[in-house]
Amino acid sequence: MSPKPQAALAKAHANIALIKYWGKRDEALHLPAAGSLSLTLDGLWTETLVHFDGREADAFELNGQAQSGATLVKVSRFLDLVRAQAGGPVGGAWVQSVNHVPTAAGLASSASAFAALAVAADAALGLALGPDALSRLARRGSGSACRSLFGGFALWQAGEAPDGHDSHALPLEGAEGWGLRLVVAVVEAGPKPIGSREGMALTAQTSPFYPAWVAGQGADLAAAQAAIARRDLPALGALAERNALKMHATMLAAEPPFCYWRPASVGCLEAIRALRAQGLGVWATMDAGPNVKALCAAEDAERVAEALRAVAGVEAVGVQGPGPAAQVLALGEAALAGPVALAAT
Ligand code: PMV
C-alpha cells in the first residue's frame with residue numbers, strides 16, 4: 001500500500017475586530033502594540049488544501065487561479081515556518097484555496113486565509129500544534145489571522161515577550177445566545193490608498209494621535225470584555241464604534257494623511273446614526289477599507305440591512321452571525337478532493 005499522502009483540507013472563518021489591532025511593536029514577527037477583540041463570522045470563510053507532495057517549489061491556486069509573484073512568495077514563506085517545525089526535511093506543497101464571500105466585491109480576508117493555511121499545513125504534517133501555537137503561527141501570516149482560529153469572540157493578547165510566544169488569541173465565551181448580528185455593507189471600492197501593513201506602520205511612525213490610541217486600548221478591551229460578560233449590546237456597540245473611529249482618526253493625522261472612507265462609507269455611518277436616533281440599537285465599525293459593518297440584535301438586522309441597501313454607492317449587504325472555530329475537514333487521501341468550488345456569488 002502506498003503511504004498516506006501528507007495532505008489536509010481545513011476551513012477558517014473571517015473575523016471582524018470590535019476593538020481593533022492597528023500598530024505593531026515588532027514588524028517582522030507581527031507583534032501588536034496592543035490587544036484586540038473580534039467576532040468570528042459564520043458566512044465568510046476560506047477552505048484550503050495543503051498537500052506536501054514533494055515538489056521542488058510550492059504552488060498556490062486561489063479561487064481556481066494559479067498565483068505567482070508576491071502572493072505565492074507570502075504563502076511559501078509561511079509554509080517555511082511550518083516546515084521548520086517538522087523536525088526533518090519537508091519538500092514543497094501544492095496549496096489550493098477557495099474564498100467563500102457573499103459578493104465578488106472585496107471582502108476576501110487574509111485572516112481566514114492564513115488561519116486555514118495554518119490549520120491545514122499543521123494537520124498535513126501531523127505536527128499537532130495546540131490552539132495557542134496555531135494562533136501564533138497564523139499571526140505570522142497576517143496579524144488578525146490569529147483570531148480566526150477561534151469561534152465567537154476572540155481576544156488577541158498583545159503579549160510582552162520579544163519572541164512573541166505570549167502573543168496569540170484566546171477564545172472568549174459569550175458570543176452565542178444573545179442573537180448578535182453584524183450587517184456588512186460592501187461599498188464601491190475605488191483604489192485603496194494603502195495596505196493595512198503599510199498603513200499601520202505609517203500611522204505608528206507619524207501620527208501624533210498614535211500614542212493616545214495605544215494608551216487607550218487597555219481600557220477599551222477591559223470595558224468590551226465586561227460588556228460581553230453582561231451581554232450588554234448598547235455598551236459593546238458604543239465601544240466598538242468609538243474604537244473604530246479612534247483608529248481612523250489616527251490615520252487622518254498621519255504624514256501623509258490617508259483615509260479609507262468613500263462617500264458611501266459616510267452614507268452608511270449616517271444611516272446607522274439615523275436608525276439609532278429612531279431608537280434602534282445599531283453601531284458601526286470599519287477596517288482598512290471602505291466597507292461598513294453594523295453591530296445589532298438579530299431582530300433588528302433586516303431593518304438595518306434595508307437602510308444600508310438604500311445608501312447610494314452600497315453594492316451589497318449581507319447579515320452575519322457568530323461563526324465557528326477553524327477546523328480540519330479532511331486528512332490524507334480524503335483531503336485531495338480539495339476545497340468545494342464555492343465561487344463568489
Ligand atoms: O491583519 P492585518 O495586518 O490585515 O491587519 C488588520 C487590521 C484591521 O483589520 C484594520 C483591524 C483588525 O483588528 O482586524
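The values are calculated or read from the model by the stated rules, or taken from the named source; none is laboratory data. These numbers were taken from a predicted model, which means no experiment stands behind them. Glycine also receives a Cβ, built like all others from the backbone with ideal geometry; neighbour counts cover every protein chain displayed. Note: areas computed on protein heavy atoms with side chains; ligands, DNA, RNA excluded. Shrake-Rupley method; radii C 1.70, N 1.55, O 1.52, S 1.80 Å.
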Restricting to segment 198-226, and then to whatever is β-branched (Val, Ile, Thr) and farther than 28 Å from Arg181 by Cα, can you tell me which residue is least open to solvent (accessible area, probe 1.4 Å)? Thr203
Select from segment 194-211 the residues that are under 16 Å from Asn243 (Cα atoms) and in contact (Cβ under 8 Å) with a residue 12 or more places away in the chain and list them in ascending order. Met200, Thr203, Phe209, Tyr210
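One line per residue, one yes/no per condition, for (1) at pLDDT 95 or above; (2) open to solvent by 10 Å² or more (accessible area, probe 1.4 Å); (3) not hydrophobic (A, V, I, L, M, F, W, C):
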site: Asp122; (1), (2), (3): yes, yes, yes
site: Ala133; (1), (2), (3): yes, yes, no
site: Leu149; (1), (2), (3): yes, yes, no
site: Gly164; (1), (2), (3): yes, no, yes
site: Glu188; (1), (2), (3): no, yes, yes
site: Ser196; (1), (2), (3): no, yes, yes
Among the residues of segment 1-55, which ones are surrounded by fewer than 24 Cβ atoms within 10 Å (Cβ to Cβ), within 16 Å of the ligand (Cβ to nearest atom) and basic (Lys, Arg)? Lys24, Arg25
Counting just the residues of segment 2-17 that are at pLDDT 95 or above and of a type in the set (S, T, N, Q), which one comes out nearest to Ala111 (Cα to Cα)? Asn15
Need at least 3 residues that are within 16 Å of the ligand (Cβ to nearest atom) and surrounded by 18 or more Cβ atoms within 10 Å (Cβ to Cβ) per element, so show me which helices (runs of 4 or more DSSP H) inside segment 227-345 make the cut, counting only ones lying wholly within it. 233-252
Across segment 187-203, what is the total count of residues that are more than 9 Å from Thr250 (Cα to Cα) and within 14 Å of the ligand (Cβ to nearest atom)? 11
Looking at segment 169-184, which of the residues that are in contact with a strand residue (DSSP E or B) (Cβ under 7 Å, 6 or more places away or on another chain) and outside any strand (DSSP E or B) is most open to solvent (accessible area, probe 1.4 Å)? Glu176
